[in-house]
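Take a look at the structure below.
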Amino acid sequence: MLVIVKDSYDEMSREAARIIADRLRKKPDLVLGLATGSTPLGMYKELIRMHREEGLDFSKVTTFNLDEYVGLPPDHDQSYYYFMKENLFDHINLDPRFVHVPQGMAKDVDAFCGWYEERIRRAGGIDIQVLGIGANGHIAFNEPGSSLGSRTRIKTLTGTTRQDNARFFASMEEVPKFAITMGVGTIMDAKELLLLANKQSKANAVRTAVEGPVTASCPASIIQMHRSAFVVLDKGAASELTGLYNDTWESKIFP
Ligand code: F6R
């Protein structure tokens, strides 16, 4: 696990984009796992800039998103598909045939989840998976207590998560009750992981994930078991770590 601490959110975002761009230049048909949420927005902006100004080419890239709300159509402004379109897909040259976001409107959700896993396998597996982290240590919609071997499946959203999201909907009743999410096991199958976190509010979760015991109580702690995980942080998110990490990162030839 490589922990990289940058001075600011912008620097964190640029570093993360630099890692993705490096992988993409080495493998133009990269299989890229994507996340929604506020954390990767700066990285997406930087990737868009690299596409526009440096010709970073996404035409052969296949993407798989981590999760989606059940019951929201892709054109709903709170769906994760819509989020990805607004913040990344519409601004780079991805081939829409190679873009995958779990289908919140799937009629048979279990069958869809099996299909999604199969699709990832057929694409050759995810080369690099972008992750955020919840303040409670969740990754994707794998909340504390989720099986560390879990696969893509439907999950019931906790009351807290629904309440947190209520501000984006007209009423509490409209907040989805379920989501489709890659499992912790699905995420761990990716060849590389790129977990990003910024802000002091994530510091406790980051410390638990990076330095605590590996436990389903903090699903993100499983990254300690991954053979190639990057954890890119701003100073706030790194503020509770006790180890010195940049020493190893800065002396490394770009991996
Ligand atoms: C998003 C996702 C979530 C977020 C996490 C952090 O697809 O799966 O696990 O990564 O909730 O969210 P932000 O970045 O908004 O703090």
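The values are calculated or read from the model by the stated rules, or taken from the named source; none is laboratory data. Please read all numbers here as calculations on a predicted model, not as lab measurements. In this analysis, Cβ positions are derived from the backbone assuming ideal geometry, glycine residues included, and neighbour counts consider all displayed protein chains. What goes into the accessible areas is simple: the full protein's heavy atoms, side chains included, and nothing from ligands, DNA or RNA. Shrake-Rupley method; radii C 1.70, N 1.55, O 1.52, S 1.80 Å.
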If we scan region 207-225, do we find a residue that is open to solvent by 40 Å² or more (accessible area, probe 1.4 Å), in contact with an Asp or Glu (Cβ under 8 Å, 6 or more places away or on another chain), closer than 24 Å to residue 182 by Cα and at pLDDT 95 or above? yes
Quick one: how many residues across region 190-201 are in contact with a Leu (Cβ under 8 Å, 6 or more places away or on another chain) and either charged (D, E, K, R) or over 17 Å from residue 63 (Cα atoms) (or both)? 3
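For residues that are in a strand (DSSP E or B) and either over 12 Å from the mean Cα position of the chain (by Cα) or not hydrophobic (A, V, I, L, M, F, W, C) (or both), scanning just region 117-144, find the one that is farthest from the ligand (Cβ to nearest atom).
129
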Which residue pairs have Cβ atoms under 8 Å apart, sit 6 or more places apart or on different chains, and have a first residue in region 118-140 that is under 24 Å from residue 61 (Cα atoms) and touching a residue at least 40 places away in the same chain (Cβ under 8 Å) and a second that is open to solvent by 50 Å² or more (accessible area, probe 1.4 Å) and more than 8 Å from the ligand (Cβ to nearest atom)? 120/189; 125/189; 125/191; 126/189; 126/191; 127/27; 127/191; 128/191
Across region 154-190, which residue is surrounded by the most Cβ atoms within 10 Å (Cβ to Cβ) among those that are in contact with a strand residue (DSSP E or B) (Cβ under 7 Å, 6 or more places away or on another chain) and basic (Lys, Arg)? 155
